[in-house]
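Heads up, the thing below is written out as structure tokens.
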Amino acid sequence: MTWGTELWDQFENLDKHTQWGIDFLERYAKFVKERLEIEQTYAKQLRNLVKKYCPKRSKDDEPRFSSCLSFYSILNELNDYAGQREVVAEEMGHNVYGELMRYSQDLKSERKHHLQEGRKAQQYLDQCWKHMDNSKKKFERECKEAEKSQISYDRLDNDINATKSEVEKAKSQLYLRTHSADESKNEYAAQLQNFNGEQWKHFNVAIPQIFKNLQDMDERRTVKLGETYRSFADVERRVVPIISKCLEGMVTAAKAVDQRKDSAIVVESFKSGFEPPGDFPFEDYSQNLSRTGSDNTISTPKNEGVVKPDPKHSISKAAKNKLWLFGKKPKSPLAPSLEDFSHLPPEQRRKRLQARIDELSKELQKEVDQRDALNKMKDVYEKNPQMGDPQSLQPKISETMCNMEKLRSEIHKNESWLSEVEGKVSTRGDRRPSADVNHHTPHGRESPEGSYTDDPSQEHRSPPHQPDPRQAHQPDEFDDEFDDDDPLPVLGHCKALYSFDGQNEGTLLMKEDDVLFIIEEDKGDGWTRARKQSGEEGYVPTSYVEITMEKNSKGS
């Protein structure tokens, strides 16, 4: 069933219908545009939501609870989900909306061409009809004139009073009119035949072909709509597997929530390491009351040497500090944050010190790698002078060595604090002191039991931890050595890397960059005996100085 044969006389209606088809296609395109704008807005709002609830702190500061980590995983999956909505919007814009708008322009141009062809064919048929109609009217007029001439001739021919000339003139006029009528008849017949032929071609060839083209165009428009309907769904279908993975990721994150693990993290995060407070002893204030020998009341035997306890100090300071669990925690008398983390409970202090040691060890490894690389480059330069001057690398090598020494000192200092908080004795290695940690705890720092000393003023700033000379050298040893009249020989010299206050007995005050004479090497206790140019002698921490021994000295 074709339009050309079935709708041969419905040109105007087909004109309206094809226009409606293009309008409908553009209406659908507008729908797709609004849909993709909704997708874009939705994706943008999802991304803003994810950004709003994502942690603004570094990962190290974020809680490690499984519920938090799962929530952040869900946020990441939701962010990927938003990306898929953006993909949907983008493909809808390109594959559906853009394609529809381009196709609409093509349809408009094609429809205009077909309608123009139809109107031209109609105009040509109208012209043929006008020629035929004019010849018909002319033939009709000529016949009427010939009929009048025939009547006039018959009237004169039957009139006895009419002259011969009048009759001849009427006859001649009749002949002329009859001849014109015959010519008009022939012309009319020719125009009629021509019009009938053109009309047949118009309604059987031209119009069917034009209407068929319009029908093909409209059917292609319908097919295109069906294809874009499918594309509209395929865009969604292509992202469904990825969206499903996002949702599966959310489910996996939900399954990863572990209440026991989170509880363990709470213990790890807040465990102080303190022992629970023990029982308070019974303090009898009735000792001085006189009692008879037969008195069965509970009493404490008289001891004249027993000192009456002071009610103001009946509870030790350490015990009071432990009782904050049942009330408001007292403010620490020290600064809010100390280099050795002694303001923290033992367990938290241990964790922080271990984390710092790990970080410093990584930095030290980087410096070691850099030193090795520089030494290799220096060897290459020495073997191939044309490649570079080996001496140009020496400042960088020296700087790296200095950084390595500082990092080693920092590591050792933190290891000493770690040993202190763990209640262990640090082992000496790489010229590191091995003093008893219970003796070299600085004033103001936390003891292994978690209590604080009274003097918060003695704090180290940056140099390595110093051992206590009183642990390795007793006062009588200092007296014997310093009372010796013969000065000890110089074994080498050293340069102070850090300042040392030398407040303990037998130690020597020095400032950074001071040059001292070595008169006794480190015997494994972390101390080196040195002498100033002024003649003053004493012990300094080995890790505080850079030692250069003489070649002819003992042990060189």
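The values are calculated or read from the model by the stated rules, or taken from the named source; none is laboratory data. These numbers come from a predicted model, not from an experiment. Heads up, the Cβs are rebuilt from the backbone with ideal geometry, glycines too, and the neighbour counts pull from every protein chain shown. The accessibility values were calculated without ligands, DNA or RNA, using every heavy atom of the protein model including side chains. Shrake-Rupley method; radii C 1.70, N 1.55, O 1.52, S 1.80 Å.
Here are some notes:
- Debye log10 I(q)/I(0) for the stretch 1-134, one point scatterer per Cα, at q = 0.11, 0.16 Å⁻¹: -0.65, -0.92
- Over 25 Å between alpha carbons, listed pairs Lys130/Lys169; Lys108/Lys130; Lys120/Lys212; Lys378/Lys495: Lys130/Lys169; Lys108/Lys130; Lys378/Lys495
- 3J(HN,Hα) couplings calculated from phi for the stretch 372-389 with the Karplus curve 6.51 cos²θ - 1.76 cosθ + 1.60 (θ = phi - 60°) are, in sequence order, 4, 5, 5, 5, 4, 5, 5, 4, 4, 5, 5, 7, 10, x, 5, 7, x, 8 Hz; Gly and Pro show x.
- Length gained on full extension, Glu34 to Cys68: 8.5 nm, using 0.36 nm per residue less the C-alpha separation.
- Computed on the stretch 492-549, with alpha-carbon pairs under 8 angstrom and 6+ residues apart, the relative contact order is 39 percent.
- Solvent-accessible ranking of Lys136, Lys255, largest area first, probe 1.4 Å: Lys255, Lys136
- Calculated FRET value between Met549 and Glu275, using beta carbons and R₀ = 41 Å, to 0.05: 0.30
- Remark: C-alpha extents of the stretch 360-424 on the principal axes read 57, 15, 13 Å, sorted largest to smallest.
- In this structure the amide hydrogen of Gly538, modeled in the peptide plane, comes within under 5 Å of the amide hydrogens of Ala530, none closer than 5 places in sequence on its chain.
- Here the Kirkwood formula puts the hydrodynamic radius of the stretch 155-249 at 21.3 Å, using every distinct Cα pair.
- Inter-centroid distance (Cα atoms) of the stretch 107-127 relative to the stretch 202-277, Å: 47 Å
- Here the contact order of the stretch 360-424, divided by its residue count and restricted to Cα pairs under 8 Å and six or more residues apart, works out to 41 percent.
- Dimensions in Å of the stretch 27-100 - Rg and Dmax from alpha carbons: 16.7, 54
- For the stretch 200-213, backbone phi angles converted through the Karplus equation (6.51, -1.76, 1.60; θ = phi - 60°) give residue-by-residue couplings of 5, 5, 5, 8, 10, 10, 5, 5, x, 5, 5, 5, 5, 4 Hz, Gly and Pro being listed as x.
- Restraint check, Lys52/Lys362; Lys144/Lys201; Lys376/Lys406, Cα-Cα greater than 26 Å: Lys52/Lys362; Lys144/Lys201
- Between amide H atoms placed 1.01 Å from N, distances below 5 Å from Glu339 occur with no residue 5 or more places distant or on a separate chain.
- Sum of side-chain charges, Lys406 neighbourhood, beta-carbon under 12 Å (Lys, Arg +1; Asp, Glu -1): -4
- Taking amide H atoms as placed 1.01 Å from N in the peptide plane, the amide H of Trp527 lies under 5 Å from those of Thr542, each 5 or more residues away in sequence or on another chain.
- Rounded to whole numbers, the Karplus 3J(HN,Hα) couplings from phi for the stretch 245-250 are 5, 4, 5, 5, x, 5 Hz, using 6.51 cos²θ - 1.76 cosθ + 1.60 with θ = phi - 60°, and x at Gly and Pro.
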